[in-house]
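The values are calculated or read from the model by the stated rules, or taken from the named source; none is laboratory data. Remember, it's a predicted structure, so these values are computed and weren't measured experimentally. Note that we place each Cβ from the backbone using ideal geometry, even for glycine, and neighbour counts take in every protein chain shown. Remember, those area values only see protein heavy atoms, side chains included, never the ligands or the DNA or RNA. Shrake-Rupley method; radii C 1.70, N 1.55, O 1.52, S 1.80 Å.
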Amino acid sequence: MAGFGPRRMTAVNSNEKTDFKSIKKLFAYCKPYTFAIVVALILAVLSAITTIIGPDKISELMNHITDGILKVGGINMDGFLDVVVFLICLYAGGAVLNYVQQIIMAEVTQKTAKRLRSDINLKINRLPLRYFDKSTRGEILSVVTNDVDTIAFNLNNSLETIV
């Protein structure tokens, strides 16, 4: 019964060879959700852009502060507040984009996992009885459940990692 215990949900080990046939099949399985995945990818890119722009604006904010300290006239509050409001909008917008992207990918992942489970269940029901002489249905379902959960976990997290 070795190998039927719970598995960790981790990314593929870098020492393992990538099975491109399996990845191709997974992409084909996700094909009905292509539009949602593309929208999530665009949202992830936009969210990443907001994260990249933020430090530059913080640098501009710090320049307003240091210039105001060095000058006798003080800090230019109009310029300072403009940058602060921009930063608030930027980070809030980035958070909303990231949140919506995660919701979309969670939806795609759950629908894909449900479809996988249904198809696997149909396949198990078609197996000949002699197959179950070697292993019990519970063992098979345990492995299938863990594998589908691993696929769902990695599918949900891969988009953010790629971007």
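Some values worked out for this structure:
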| item | result |
| --- | --- |
| Where Ile104 falls short, out of the listed (1) of a type in the set (A, V, I, L, M); (2) closer than 30 Å to Ser158 by Cβ; (3) open to solvent by 50 Å² or more (accessible area, probe 1.4 Å) | (3) |
| Which numbered condition Pro128 fails, given (1) part of a helix (DSSP H, G or I); (2) exposed (fewer than 15 other Cβ atoms within 10 Å of the Cβ) | (1) |
| Residue in segment 61-76 that is assigned to a helix (DSSP H, G or I), out of contact with any strand residue (DSSP E or B) (no Cβ under 6 Å at 6 or more places or on another chain) and closer than 24 Å to Ala152 by Cα present | no |
| Leading residue by the ranking (modelled with the highest pLDDT) among those in segment 144-162 that are surrounded by fewer than 16 Cβ atoms within 10 Å (Cβ to Cβ) and not acidic (Asp, Glu) | Thr145 |
| Any hit, segment 19-29, residues being more than 17 Å from the chain's Cα centre (by Cα) and in a loop (DSSP other than H, G, I, E, B) | yes |
| In segment 47-77, residue farthest from Ile37 (Cα to Cα) [restricted to those that are open to solvent by 90 Å² or more (accessible area, probe 1.4 Å) and modelled with pLDDT of 80 or more] | Met62 |
| Residues that are at pLDDT 85 or above and open to solvent by less than 60 Å² (accessible area, probe 1.4 Å), drawn from segment 78-94 | Val83, Val84, Leu87, Leu90, Ala92, Gly93, Gly94 |
